[in-house]
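S.K.: To start, I am sharing the structure in question, which I have written as structure tokens.
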Amino acid sequence: MFSRTHPLWLVGFRPFFALACLAGMLLPIAWALMFSGSLPAPNAPFTSVQWHAHEMFFGFGWAVLGGFLLTSTKNWVNIRGYHGPALMLLAAAWIVERLAMSFGGQWPLPVAMLANNAFLGSIAAMLVWTLVRYRSQDSYRDNAFFMVMLPAFLVAKYLMLYGNDFPAGYGMAIALFRMAFLVMLERTLTGFMKAAFQTQILRQPKLDMPIKLLGLLLVLEPFLPRPLTAGLSLALAALLAIRFVFWKPHLAFKRIDIGIMYVGYLAIVGQLLLEALGHIMNFVWIGSVSVHLFTFGAMGCVIPAMIIRISKGHTGRKVVFDGLDRAVLYIMLLALVIRVAVPQFAPGAYIGIIHASATCWLASFGILAWRYIPILMQARIDGREH
């Protein structure tokens, strides 16, 4: 495992999907225990809410996004990609960040800041360098969006932890992850629908490009006038809804492995609508509904399906979702309902709801860890190196 030639270090998705499975198991249940007072808050110079938001976005979320981008960028520009010692150092930096976030309360500030930024700063720089250096052979010209988004994650992280503007930081983080999901869904669902149903879904640059431009502009939402951000959010939600109609959901929902991606897409639309309405009307929701609609609906539902698909396909296995794979997805759909819908009808059971939804994450990502970490640590079964 600690050899530079071990299969775990051959390509980016292997170590970071393994870490994502462990984070998905442990971070939500740790927060539920903290929320109910059963576990003390981390020894860190941040509130427990800051810790929770940061760890879900920059711990769990960036383990997934980092693994995905390290794997995808090499395919986009047709190069070998980072492997061996480079991945070992990135994984070590991710682990050090988790230690700093939970136990670094007494560390000198420069040391804590270095520990909390080494992973994201390094991986963002590496990914941007890949896209810039091989720009002439990039399969996707709109990867220029990532050249802007990746450094922006560092700004969001700083605001969340050190910039005394936590709401702006997590608002930026949501917008950046939303943008990443929009790009990923746009690219992958075209192929998924063609493979599953031998059908084409609408890909119209005059629609796709405004969607991405609006998504990028909304990264600045915390700093824009509320009426303007409401209008931008409504406009983006409307364009996404129009495109959704032409993406043949009546076919997609026949298969859970494809349909759950569409659930994630709809969660993004719903989150935008709630954000827009929240800027112009006063709603009383229980439990930060717009935030958790995105984190449970988009991240929580789409990410397990992507881990399963990539872990199988990129290790030479046939991409078929068996019974346990489908069970993981249904459990995450249940988590979405429990966390977002149930509190509106049973606010008195809120602590129990937090525990129930976190237990769903523990179960789903526990199954993924049990099944796929061993696969991620083995050589491809088709004889290819990576």
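S.K.: Want the number for residue 78 to residue 4: 0.36 nm per residue separation, take away the alpha-carbon distance, what's left?
M.R.: Between residue 78 and residue 4, full extension yields 24.4 nm more.
S.K.: Can you compute the helix-only [θ] at 222 nm over the chain? Use -39500 (n - 2.57) per DSSP H run of at least 4 residues, normalise by all residues, nearest 500 deg cm²/dmol.
M.R.: One gets -23000 deg cm²/dmol as the mean residue ellipticity at 222 nm.
S.K.: Quick one: which of 214-223, 176-185 comes out on top by average Cβ neighbours within 10 Å, and what's the full order, highest first? Working shown, then result.
M.R.: On the way: 214-223: 18.9, 176-185: 21.7.
Highest-to-lowest ranking by the protection proxy: 176-185, 214-223.
S.K.: Describe numerically, in nm with one decimal, the distance between label points set 7 Å from Cα along Cα→Cβ at residue 122 and at residue 220.
M.R.: According to this spin-label approximation, the distance is 3.3 nm.
S.K.: With the Cα gyration tensor of the range 198-304 giving a ≥ b ≥ c as the square roots of its eigenvalues, does the rule (a/c under 1.5 for rounded; else a/b larger than b/c for prolate; else oblate) give rounded, prolate or oblate? Before the final figure, lay out each step's value.
M.R.: Numbers: a/c = 2.33, a/b = 1.39, b/c = 1.68.
Cα axes put the range 198-304 in the oblate bin.
S.K.: If you don't mind, another one. Beyond a 18 Å Cα-Cα separation, which of these cross-linked pairs lie in this structure: 248/312; 194/318; 254/318?
M.R.: Working: 248/312 26 Å; 194/318 16 Å; 254/318 20 Å.
In this structure, 248/312; 254/318 lie more than 18 Å apart at Cα.
S.K.: Hey, another quick one. Assign one of three labels to the range 124-247, namely rounded, prolate or oblate, based on the Cα gyration tensor with a ≥ b ≥ c the square roots of its eigenvalues; rounded applies when a/c is under 1.5, prolate when it is not and a/b is larger than b/c, and oblate otherwise. Let's see the in-between values first.
M.R.: Working: a/c = 2.33, a/b = 1.31, b/c = 1.78.
Oblate, since a/c reaches 1.5 and b/c is not below a/b.
S.K.: How long are the three semi-axes of the equivalent ellipsoid for the chain, computed from the Cα gyration tensor as the root of 5 times each eigenvalue, in whole Å, largest first? Spell out each step's value before the answer.
M.R.: Values: eigenvalues 155, 140, 103 Å².
After scaling each eigenvalue by five and taking roots: 28, 26, 23 Å.
S.K.: Figure the gain on full extension for residue 47 and residue 147 (residue separation times 0.36 nm, minus the Cα-Cα span) and round it to one decimal in nm.
M.R.: Taking 0.36 nm per residue and subtracting the Cα distance, the gain is 32.9 nm.
S.K.: Select from the range 50-144 those trypsin sites (Lys or Arg not before Pro) which occupy a DSSP coil region and have at most 15 other Cβ atoms within 10 Å, ordered by residue number.
M.R.: Working: sites: 74, 80, 98, 133, 135, 141; in loops: 80.
Sites meeting the loop and neighbour criteria: 80.
S.K.: Please give the FRET efficiency for residue 356 paired with residue 99, using the beta carbon to beta carbon distance and R0 = 35 Å, rounded to the nearest 0.05. Working shown, then result.
M.R.: Numbers: r = 29 Å, r/R0 = 0.83.
The computed FRET efficiency comes out at 0.75.
S.K.: Moving to a separate point now. In nm, what is the difference between 0.36 nm times the number of residues separating residue 381 and residue 349 and their Cα-Cα distance?
M.R.: Stretched fully, the residue 381-residue 349 segment lengthens by 6.8 nm.
S.K.: Percentage of Cα-Cα pair distances in the range 69-189 greater than 19 Å, rounded to whole percent?
M.R.: Value for the range 69-189 (Cα pairs over 19 Å): 54 percent.
S.K.: Which whole-Hz couplings ³J(HN,Hα) result when phi for each residue of the range 241-248 is put into the Karplus expression 6.51 cos²θ - 1.76 cosθ + 1.60, θ = phi - 60°, listed in order with x for Gly and Pro?
M.R.: Computed from phi, the couplings for the range 241-248 are 5, 4, 5, 4, 4, 8, 9, 6 Hz.
S.K.: Mean separation of Cα pairs under 8 Å and 6+ residues apart, divided by the residue count of the chain: what relative contact order is that in percent?
M.R.: Working: 469 pairs, mean separation 76.9, N = 386.
Averaging sequence separation for qualifying contacts and normalising by length gives 20 percent for the chain.
S.K.: Roughly speaking, what is the centre-to-centre gap between the range 182-226 and the range 103-132 when only Cα atoms are used, to the nearest Å?
M.R.: Comparing the Cα centres of the range 182-226 and the range 103-132, I get a distance of 29 Å.
S.K.: Under 19 Å from the 7 Å Cα→Cβ point of residue 36, by amide nitrogen: which residues of the range 354-369?
M.R.: Flagged as within label range: 354-366.
S.K.: Quick one: dipole size for the chain, taken about the Cα centre, charges +1 on Lys/Arg Cβ and -1 on Asp/Glu Cβ, in debye to the nearest 20.
M.R.: So the dipole magnitude of the chain works out to roughly 1120 debye.
S.K.: Count neighbours as other Cβ atoms within 10 Å of each site's Cβ, and list the trypsin sites (Lys or Arg not before Pro) in the range 284-386 that are DSSP loop with at most 12 such neighbours.
M.R.: 318, 384
S.K.: Continuing with the same structure: If each of residue 319 and residue 89 carries a label point 7 Å out from its Cα toward its Cβ, how far apart are those two points in nm?
M.R.: 3.2 nm
S.K.: Moving on to the next point. Using each residue's phi in the range 267-279, evaluate 6.51 cos²θ - 1.76 cosθ + 1.60 at θ = phi - 60° and report the 3J(HN,Hα) Karplus result to the nearest Hz, with x for Gly and Pro.
M.R.: My calculation for the range 267-279 gives 5, 5, 4, x, 5, 5, 5, 5, 5, 5, 5, x, 7 Hz in order.
S.K.: Would you mind counting up the charge near residue 326? Only other residues with Cβ under 12 Å from its Cβ, with Lys and Arg at +1 and Asp and Glu at -1.
M.R.: -2
S.K.: From the square roots a ≥ b ≥ c of the eigenvalues of the alpha-carbon gyration tensor of the range 232-386, which class results: rounded (a/c under 1.5), prolate (a/b over b/c), or oblate?
M.R.: The shape class here is oblate.
S.K.: Please sort by residue number the chymotrypsin sites (Phe, Trp or Tyr not before Pro) in the range 1-80 whose DSSP state is loop and whose Cβ has at most 13 other Cβ atoms within 10 Å.
M.R.: 2
S.K.: Using only Cα atoms, locate the centre of the range 57-72 and the centre of the range 361-386, then give the distance between them in Å, rounded to an integer.
M.R.: Value for the Cα centre distance between the two parts: 16 Å.
No lab work stands behind these numbers, since they all come straight from the coordinates. In this text, all values refer to a predicted model and were calculated from it rather than measured experimentally. Neighbour counts run over all protein chains shown; Cβ positions are idealised from the backbone, glycine included.
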